[in-house]
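The values are calculated or read from the model by the stated rules, or taken from the named source; none is laboratory data. All figures in this text were calculated on a predicted structure; none of them were measured in a lab. Virtual Cβ from ideal backbone geometry, glycine too; neighbours counted across all protein chains shown.
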């Protein structure tokens, strides 16, 4: 690809120099540099704030560094409770979502087109209806059935988002698997269930892992709905973050942000291998 | 049969609350001289929303912000995706590692990072101070529409880029190379092969980001201006501050109807792809 048309001088004027390999390399470098600044520096600012002992404007970096904010945060029982709660809810949400969306994804992948149109539209509604409006209506429903301010109430609310997402990714993953493989297993005498578990599921695993990972992160991230149906007893980490931001304790909020980001970043590194696999691409692109 | 559990779940937790909201938006509340409320059925709430100058400016503001965000994310992500698909070298490896990061940052934290980064007397401001910019000349970005747009672009970047990269991956090297062999310039290849082939696939990303920004709450709540507000924020204000379920539901329905336009567009694009 790098052997561009630079050898043909005629082409250069049309391309604003884009045909020239050196020019293109420059542009990519600029883009990469710009993105590093745009993505990285805001996060770096947070890290700086979390260690700031003394930071008077207009100093670019703090004039004094300290770890006492970390101590303060880690000694606060509310923070520890929120962390435990978040990391209990996220796996439960992910597991339940996987249980109901993997069969649905499989069914979608093998269904006829007319059914899929209707279902596709039905599954788009949760995304089209403004979440926060939905949560407010849901809170009223929760009051009537006694799910308000309960663990399961929060879990079900988180599942609204993850369910749709996971169904779509698994649909695409199953669709990318050739049905002939399954038929071959059936011809060899395997039951439909056996064919699914022995042939289809292992091939679909990377896609399912990515979808589960996204569900986990989405659950960790969910704040607005949890705020509505989970207060005052079920305060997850991002909900606590809302209060910290509005109370303007900048270093404390910064420390909390850093702590809240670490598990996500660990997951990112753990999942890097799968994220570059073709299944993610399939998951997002070919629904 | 296998779809039933998820359909049942969606019915209870999505469709029923959504229908409740739709009915509520059609309930008109009137107050007589004694302070008693009476309710009737009609579209008066919608008429009020459209004729009220404040709500109307909120609606326009929401639509404009959503379109601006989608446009910016599309252009930026397309550039990154092109570089990832057709570029080589260390810069591309840096891009691969960096663009995905916002996907793993909770939106509350991203918003907070942007506040510390872009606020007046924030990080960028003090950087510019050191370079000699007079105090007070830094534009207002946080608590303004610019803050919403920048943060939403930041957050949506990975999703759109992953999507576009996968779409570009589906365009075969053979096709591109054969075009090159017959003398097409890079620009011509882009205009006549890459762009048209990638547009239908990009539709899903455009729709998703549009819906996401349109109905968003966290980012505009933490970073947006007080007036005009995005509908998500104004809706919560009606709900929580004024206990006005009817008008809050009406605003939810307005966002929903706007979203439907995008959703219908998306579903039609998908049908076209399936027919092919």
Checklist outcome for this item: Here the residues within region A:222-246 that are within 14 Å of residue B:222 (Cβ to Cβ) and touching a helix residue (DSSP H, G or I) at 6+ places or on another chain (Cβ under 6 Å) are A:223, A:224, A:227, A:238, A:239, A:241, A:244, A:245
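On the basis of being surrounded by 13 or more Cβ atoms within 10 Å (Cβ to Cβ) and either over 27 Å from residue B:257 (Cβ atoms) or within 14 Å of the chain's Cα centre (by Cα) (or both), does residue B:49 make the cut?
It is false that residue B:49 is surrounded by 13 or more Cβ atoms within 10 Å (Cβ to Cβ) and either over 27 Å from residue B:257 (Cβ atoms) or within 14 Å of the chain's Cα centre (by Cα) (or both).
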Next on the checklist: Looking for something buried (at least 18 other Cβ atoms within 10 Å of the Cβ), within 14 Å of another protein chain (Cβ to nearest Cβ) and closer than 30 Å to residue A:160 by Cα - is there at least one such residue anywhere in region A:53-69?
Outcome noted: no
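Go through B:215, B:205 for me and flag whichever is under 27 Å from residue A:243 (Cα atoms) and in contact with a helix residue (DSSP H, G or I) (Cβ under 8 Å, 6 or more places away or on another chain).
B:215
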Next on the checklist: When you scan region B:199-220, do you find a residue that is part of a helix (DSSP H, G or I), modelled with pLDDT of 80 or more, more than 20 Å from the chain's Cα centre (by Cα) and under 30 Å from residue A:21 (Cα atoms), even just one?
Outcome noted: no
Next on the checklist: For region B:1-43, which positions are assigned to a loop (DSSP other than H, G, I, E, B), more than 23 Å from residue A:155 (Cβ to Cβ) and either facing chain A (nearest Cβ under 8 Å) or at pLDDT below 80 (or both)?
Outcome noted: B:1, B:32, B:33, B:34, B:35, B:36, B:42
Checklist entry - For residue A:107, which of the numbered conditions (1) loosely packed, with under 14 Cβ neighbours inside 10 Å; (2) free of Cβ contacts under 8 Å to residues at least 12 places away in the same chain; (3) more than 22 Å from the chain's Cα centre (by Cα) fails to hold? => result (1)
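Among B:75, B:92, which is the only one that is more than 30 Å from residue A:253 (Cα to Cα), surrounded by fewer than 15 Cβ atoms within 10 Å (Cβ to Cβ), in the same structural domain as residue B:148 (by TED's automatic domain parsing) and free of Cβ contacts under 8 Å to residues at least 24 places away in the same chain?
B:75
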Checklist entry - Any idea which of A:260, A:275, A:266, A:217 is within 8 Å of chain B (Cβ to nearest Cβ), at pLDDT 80 or above and more than 15 Å from residue A:73 (Cβ to Cβ)? => result A:217
Checklist entry - Can you tell which of B:172, B:156 is more than 30 Å from residue B:63 (Cβ to Cβ) and either buried (at least 24 other Cβ atoms within 10 Å of the Cβ) or without any contact (Cβ under 8 Å) to a residue 24 or more places away in the chain (or both)? => result B:172
Item to check | Output for region B:97-142, where each listed residue is at pLDDT 85 or above and more than 7 Å from every other protein chain (Cβ to nearest Cβ) | outcome: B:110, B:111, B:115, B:118
Checklist entry - Out of region B:177-192, which residues are surrounded by fewer than 19 Cβ atoms within 10 Å (Cβ to Cβ) and either under 30 Å from residue A:39 (Cβ atoms) or in contact with a strand residue (DSSP E or B) (Cβ under 6 Å, 6 or more places away or on another chain) (or both)? => result B:187, B:190, B:191
